[in-house]
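Step one of this worksheet: look at the structure below.
The values are calculated or read from the model by the stated rules, or taken from the named source; none is laboratory data. Please read all numbers here as calculations on a predicted model, not as lab measurements. A quick note on method: Cβ atoms are made from the backbone with ideal geometry, for glycine too, and the neighbour counts reach across all protein chains shown.
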Amino acid sequence: MPASYVYALGRIEPRFPRLSVEKEFAQATGRAETVNLTDRQALRQVLEQNRYLVKQLCWLMTGSIPRPERVSAERFREAAAEVFDRIMQLTDNAGATDEHRALNYLTVRYPAIYAAVAQAQGRNCSLTAVDVRPSPLSGVRNIVEVIFSFTDRATDVVEKQFLRVDVTEEFPFLVTKLSPYFDR
């Protein structure tokens with residue numbers, strides 16, 4: 001059976017499912033040597049010394065998106081929300097398909113997509129679609145094209161930009177940077 005990879009977004013953080021687990025963790029923390037440690041370091045140390053607690057915790061995945069330097073914080077928030085909402089609208093994005101792995105990789109590793117959305121909004125355009133297709137460059141490697149469609153709010157003219165991502169192995173990577181796309 002061929003290897004299957006997942007590219008999920010975020011950071012894993014613990015949550016206490018019951019008060020008794022939280023109190024047990026607090027008691028373990030009180031017994032541990034945590035002087036001069038950050039909260040995250042103390043958490044890790046306590047869990048390493050009390051591994052039975054790891055199974056008792058609930059684990060929540062959270063994440064953040066990198067901001068391109070040339071985009072203001074306010075415009076970035078708006079663009080990031082637009083891109084993130086569009087990607088999450090794709091059904092069942094668990095990061096398990098090649099298409100979702102490529103999108104998730106781009107969401108956290110390629111800030112140029114946020115800059116493109118912010119620039120489009122500045123030209124009175126909306127992000128109206130994000131499509132993922134197999135690339136004609138695929139051969140031995142599994143490469144997908146991610147196409148961003150921007151529609152002018154006044155004229156309804158659609159402008160597209162795309163990039164290619166190699167999702168052959170465990171770690172996706174960018175093959176071509178964001179550039180204009182023309183329908184074939």
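Across the range 126-165, the number of residues qualifying as more than 28 Å from ARG75 (Cα to Cα) and basic (Lys, Arg) comes to 2.
Kindly indicate whether VAL71 is in the same structural domain as GLY122 (by TED's automatic domain parsing), closer than 30 Å to SER126 by Cα and not charged (D, E, K, R). Judged against the criteria, VAL71 is a match.
This table checks each residue for (1) hydroxyl-bearing (Ser, Thr, Tyr); (2) outside any helix (DSSP H, G or I); (3) at pLDDT 90 or above.
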{"residue": "GLU48", "(1), (2), (3)": "no, no, yes"}
{"residue": "LEU53", "(1), (2), (3)": "no, no, yes"}
{"residue": "LEU60", "(1), (2), (3)": "no, yes, no"}
{"residue": "ARG70", "(1), (2), (3)": "no, yes, no"}
{"residue": "GLU74", "(1), (2), (3)": "no, no, no"}
{"residue": "THR91", "(1), (2), (3)": "yes, yes, no"}
{"residue": "VAL117", "(1), (2), (3)": "no, no, no"}
{"residue": "ASP131", "(1), (2), (3)": "no, yes, yes"}
{"residue": "GLY139", "(1), (2), (3)": "no, yes, no"}
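Exactly one residue out of GLU13, GLU24, GLU78 is under 22 Å from VAL146 (Cβ atoms) and surrounded by 12 or more Cβ atoms within 10 Å (Cβ to Cβ): that is GLU78.
Which residue out of ALA102, ALA81, ALA96 is within 30 Å of THR168 (Cα to Cα), part of a helix (DSSP H, G or I), over 11 Å from the mean Cα position of the chain (by Cα) and assigned by TED's automatic domain parsing to the domain that holds ARG133? So the residue among ALA102, ALA81, ALA96 that is within 30 Å of THR168 (Cα to Cα), part of a helix (DSSP H, G or I), over 11 Å from the mean Cα position of the chain (by Cα) and assigned by TED's automatic domain parsing to the domain that holds ARG133 is ALA81.
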